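Worksheet: one structure, shown below.
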Amino acid sequence: MSEHDLERLRSLTSIKWNRFDDDVLPAWVADMDLPPAPVSVEAVRALVDRGDFGYNFHAAKQLPEVFSAWEERRHGWRPDPERVRVFCDVMQAVDVALWTHCKPGDGVIVFTPVYPPFLRSATAGGRRMIDCPLKRDGWRLDPERLAAAAAEPGARAILLANPHNPTGRAFSAEELGAIALVAERHDLLIVSDEIWCDVVHPGSTHVPLASLSEAVAARTVTLSAASKAFNIAGLHCAVGHLGHDGVREAIEALPGHVLGAVGSPGAEATLAAFTQGEPWLSDTISHLTAMRDHLGARLAAELPLVRFAPPQATYLAWLDVSAYELGDDCAKTLLDEARVGLSSGLDFGEHGSGFVRLNFATTAPILDEIIDRIVTRLS
Ligand SMILES: Cc1ncc(COP(=O)(O)O)c(C=O)c1O
């Protein structure tokens, strides 16, 4: 692995490279080891060069229209810019949407295993999480389980990640249609977190849930950001299409400063990504797909007992390592004994035991070293 890459990465103050001891290679939180999109870097640099740190809504004001155009060009859905609002981050928008719509005791359906903050958001404020596990074979939606979940007394909302973290599923129009149907039947709000929609591998397609129909859009809050695709999560900027009138009105009625305002670096970096970032993104996805396939090929050849459904989207691999008897917390064992920092499956809900999540958004030499270390420990 190149010393140059490692030197840069070890100099970062981000949590990814600072959580573990120096000899550990981290592959956990969903930041990329690749430098962020140059157009976003340049946008922030221009602010710095101008000393342009005063109150500033230059980019934030443009984002609703720009996001709408980006979404239409890339995913064939044109959200109404009038209904698009800028948030500080996606999880802020998730929390506020659920908080305005649900009361204590209400149930929020989540599809597990799932991005750990979803588990906390579903249960915050006295809410109840209603677990709807995906089918283990290919991580497809289980319509029967969903119907049962929605029929539970007090079910009030669905919190969906599409594409899905950690499994990398880009749900099909058919699966999304099943979710929409159940939501309609039980009058549920859908919060569709589509933060990963621009990291989709060739051969798969992202279908925005709200694109299914006007009626579906009217019960959906769609959230997105440039953060995952362009590697700018620390700049904190997200966008939300508030298709659901009740949530939109409740958010508009909040006292003006409750949600804060996005900072100009985040807004400028996002604006640059959504207006000029496409060529870089396409090269980056080629690299990520190559890393995904390389990981898959090495696992198949060298650790055939690891079960792995290659993700259709994201740069996250959800690995079933249960055949290797690594104890209750497989990630902890691999940290201690292989010196790789993966995410623990246990954090993704009760069905995550025996799994680890590996972030493969890194250079080929670093990924190879991570795989070498795991292979050495498991062989
Ligand atoms: C599905 C999903 N939603 C939300 C987030 C976090 O987004 P933000 O930092 O904008 O809150 C992540 C981060 O990895 C994610 O995977």
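The values are calculated or read from the model by the stated rules, or taken from the named source; none is laboratory data. Since the model is a prediction, treat every value here as computed from it, not as a measurement. Every residue, glycine among them, receives a Cβ derived from its backbone with ideal geometry; neighbour counts consider all protein chains shown. In case anyone asks, the SASA skips ligands and DNA or RNA and just uses the protein heavy atoms, side chains included. Shrake-Rupley method; radii C 1.70, N 1.55, O 1.52, S 1.80 Å.
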Those residues that are more than 16 Å from the ligand (Cβ to nearest atom) and free of Cβ contacts under 8 Å to residues at least 60 places away in the same chain, I need them from the stretch 180-196; list them, please. Ala180, Leu181, Val182, Ala183, Glu184, Arg185, His186, Asp187
Suppose we filter Val258, Val207 for residues that are farther than 16 Å from Val86 by Cα and in a loop (DSSP other than H, G, I, E, B); which single one remains? Val207
Can you work out which of the residues in the stretch 174-204 that are among the small types (Gly, Ala, Ser) and outside any strand (DSSP E or B) is surrounded by the fewest Cβ atoms within 10 Å (Cβ to Cβ)? Gly203
All conditions in (1) in contact with a strand residue (DSSP E or B) (Cβ under 8 Å, 6 or more places away or on another chain); (2) more than 16 Å from the ligand (Cβ to nearest atom); (3) not aliphatic (A, V, I, L, M) are true of Gly138 except (1)
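Strands (runs of 3 or more DSSP E) wholly in the stretch 51-149 with at least 2 residues that are under 30 Å from Ala269 (Cβ atoms) and open to solvent by less than 40 Å² (accessible area, probe 1.4 Å) - which ones?
Numbers: elements: 84-87, 107-110, 128-131.
Of the strands (runs of 3 or more DSSP E) lying wholly inside the stretch 51-149, those with at least 2 residues that are under 30 Å from Ala269 (Cβ atoms) and open to solvent by less than 40 Å² (accessible area, probe 1.4 Å) span 84-87.
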Would you call Ala297 closer than 30 Å to Tyr55 by Cα and either within 22 Å of the chain's Cα centre (by Cα) or open to solvent by 10 Å² or more (accessible area, probe 1.4 Å) (or both)? no
Give the number of residues within the stretch 238-255 that are free of Cβ contacts under 8 Å to residues at least 60 places away in the same chain and either within 12 Å of the ligand (Cβ to nearest atom) or assigned to a helix (DSSP H, G or I) (or both). 3
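Pick from the stretch 1-34 the residues that are part of a loop (DSSP other than H, G, I, E, B) and surrounded by fewer than 11 Cβ atoms within 10 Å (Cβ to Cβ): which of them is nearest to the ligand (Cβ to nearest atom)? Steps first, please.
Start the filter on the stretch 1-34 by keeping residues that are part of a loop (DSSP other than H, G, I, E, B), which leaves 1-2, 12-24, 27-34.
Filter once more, so that each one left must be surrounded by fewer than 11 Cβ atoms within 10 Å (Cβ to Cβ): 13, 21-23.
Working: Thr13: 17, Asp21: 23, Asp22: 24, Asp23: 25 Å.
Checked the stretch 1-34; the qualifying residue nearest to the ligand (Cβ to nearest atom) is Thr13.
Of the residues Gly263, Gly234, Gly240, which is under 24 Å from Ala161 (Cα atoms) and open to solvent by less than 50 Å² (accessible area, probe 1.4 Å)? Before the answer, list the steps.
Values: Gly263 fails: under 24 Å from Ala161 (Cα atoms); Gly234 fails: open to solvent by less than 50 Å² (accessible area, probe 1.4 Å).
Being under 24 Å from Ala161 (Cα atoms) and open to solvent by less than 50 Å² (accessible area, probe 1.4 Å) holds for just one of Gly263, Gly234, Gly240, which is Gly240.
Which residue out of Leu281, Leu235 is within 16 Å of the ligand (Cβ to nearest atom) and more than 30 Å from Val375 (Cβ to Cβ)?
Values: Leu281 fails: within 16 Å of the ligand (Cβ to nearest atom).
Being within 16 Å of the ligand (Cβ to nearest atom) and more than 30 Å from Val375 (Cβ to Cβ) holds for just one of Leu281, Leu235, which is Leu235.
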Here are some conditions: (1) open to solvent by 30 Å² or more (accessible area, probe 1.4 Å); (2) within 16 Å of the ligand (Cβ to nearest atom); (3) touching a Ser or Thr at 6+ places or on another chain (Cβ under 8 Å). Leu160 meets all but one. Which one does it not meet? (1)
